[in-house]
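J.: Attaching a single structure in structure tokens format; questions to follow.
The values are calculated or read from the model by the stated rules, or taken from the named source; none is laboratory data. Everything quoted here is computed from the prediction, not taken from an experiment. Cβ sites come from the backbone with ideal geometry, for glycine too, and all protein chains shown count toward neighbours.
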Amino acid sequence: MKIDDFISRLEEEYEDLVPGTLTPGSVFREVFEWNSINALILIAMVKTEYDVTINAEDIATSKTVEDLFQIIRSRVQ
């Protein structure tokens, strides 16, 4: 699992994100309008793509794309 692939999947999932916008250090809540619907989209995408369950607390404690990636990576089996 590579962070570049994770970033590409995020950019594909959210129509508001222009490809190439995100970096590992991007504060994802500041890059585009962040709301509960987008959180649900992220949770579903992570479950579908990585078979990993994340929750609202995981998202709330993550600041950057790298933070999210590390949580997901730690749970990949």
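J.: Can you find even one residue in the range 7-15 that is of a type in the set (Val, Ile, Thr) and without any contact (Cβ under 8 Å) to a residue 40 or more places away in the chain?
T.: Looking through the range 7-15, none of the residues is of a type in the set (Val, Ile, Thr) and without any contact (Cβ under 8 Å) to a residue 40 or more places away in the chain.
J.: Further, regarding this structure: Would you be able to tell me the number of residues in the range 10-33 that are hydrophobic (A, V, I, L, M, F, W, C) and within 21 Å of Glu49 (Cα to Cα)?
T.: 5
J.: Is one or more of the residues making up the range 5-18 part of a helix (DSSP H, G or I), of a type in the set (Asp, Glu), at pLDDT 90 or above and touching a Ser or Thr at 6+ places or on another chain (Cβ under 8 Å)?
T.: yes
J.: Next question, about the same structure. I'm told Arg29 meets every condition in (1) surrounded by 15 or more Cβ atoms within 10 Å (Cβ to Cβ); (2) part of a helix (DSSP H, G or I); (3) at pLDDT 90 or above except one. Can you identify the failing condition by its number?
T.: Of (1) surrounded by 15 or more Cβ atoms within 10 Å (Cβ to Cβ); (2) part of a helix (DSSP H, G or I); (3) at pLDDT 90 or above, only one is false for Arg29: (3).
J.: Moving on to the next point. Can you name every residue in the range 20-46 that is among the polar types (S, T, N, Q) and closer than 14 Å to Asp67 by Cβ? Please lay out each step first, then the result.
T.: The first filter runs over the range 20-46 and keeps only residues among the polar types (S, T, N, Q), leaving 21, 23, 26, 35-36, 38.
Passing the criteria: Thr23, Ser26.
J.: Hey, among the residues in the range 32-77 that are free of Cβ contacts under 8 Å to residues at least 24 places away in the same chain, in a loop (DSSP other than H, G, I, E, B) and touching a Leu at 6+ places or on another chain (Cβ under 9 Å), which one's surrounded by the fewest Cβ atoms within 10 Å (Cβ to Cβ)?
T.: In this case the residue turns out to be Phe32.
J.: OK, next. Filter the range 32-48 for residues that are at pLDDT 95 or above and charged (D, E, K, R) and give the result.
T.: Listed by number, the list holds a single entry, Lys47.
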